[in-house]
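Right, one structure below, let's go through it.
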Amino acid sequence: MNRTIISTIFLTALVATFAIAQETVNTDANNVAIHGYDPVAYFTREAAVPGDPEITHTQDDAVYRFANEANRDAFAADPESYLPAYGGYCAWAVSQGYTADVDPETWIVHEGRLYLNFNRRIGRRFQSDLVGNIQRADANWPELSR
């Protein structure tokens, strides 16, 4: 068989396997979301703040950590206000039709919604056409989150 055909078959199988294994919420091996960062702090402190492993709340099988009990309680009372868009996957990647992990220090809150990105360069790319990228990501997310 031609190497190109074999490579194509392999890559197709790999992508299909990844798509099947995709989780709706981006978590680590311990089901911790946002790499342990406090989702509420992005809104209240306008900063990426690591959460305390002792102060947690579980939402949709994902464990969220918080810098303090007040943030945990605010999240528990209204998680939809604080959950990152696209299950905490890279917003720019979702706008392009795939998912990728994030650097929790690369973020933006826009119109009350938290968007995380892979790294600072990708974050700048996402923000360069913020509204267009959000529209594309919103359109892609239902298929990617299945």
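Once you put a point 7 Å from the Cα of Glu69 and another 7 Å from the Cα of Glu143, both along the Cβ direction, what distance in nm separates them?
Here the answer is 4.7 nm between the modelled labels.
Under the 0.36 nm per residue contour assumption, what length would be gained going from the current alpha-carbon distance of Gln135 and Ala29 to full extension? Walk me through the numbers before you get to the answer.
Numbers: separation 106, 0.36 × 106 = 38.16 nm, distance 3.05 nm.
Stretched out fully, the Gln135 to Ala29 stretch lengthens by 35.1 nm.
Tell me, rounded to the nearest percent, the portion of alpha carbon pairs in segment 84-146 spaced more than 17 Å apart.
25 percent
Excluding Glu69 itself, calculate the net charge of residues whose Cβ lies under 14 Å from the Cβ of Glu69, where each Lys or Arg counts +1 and each Asp or Glu counts -1.
Summing Lys and Arg as +1 and Asp and Glu as -1 gives -2.
The numbers here are math on the coordinates, done by the rules we state, and not lab data. None of the values given here were measured: they were computed from a predicted structure. For neighbour counting, all protein chains shown are included, and Cβ atoms are generated from backbone atoms with ideal geometry for every residue, glycine included.
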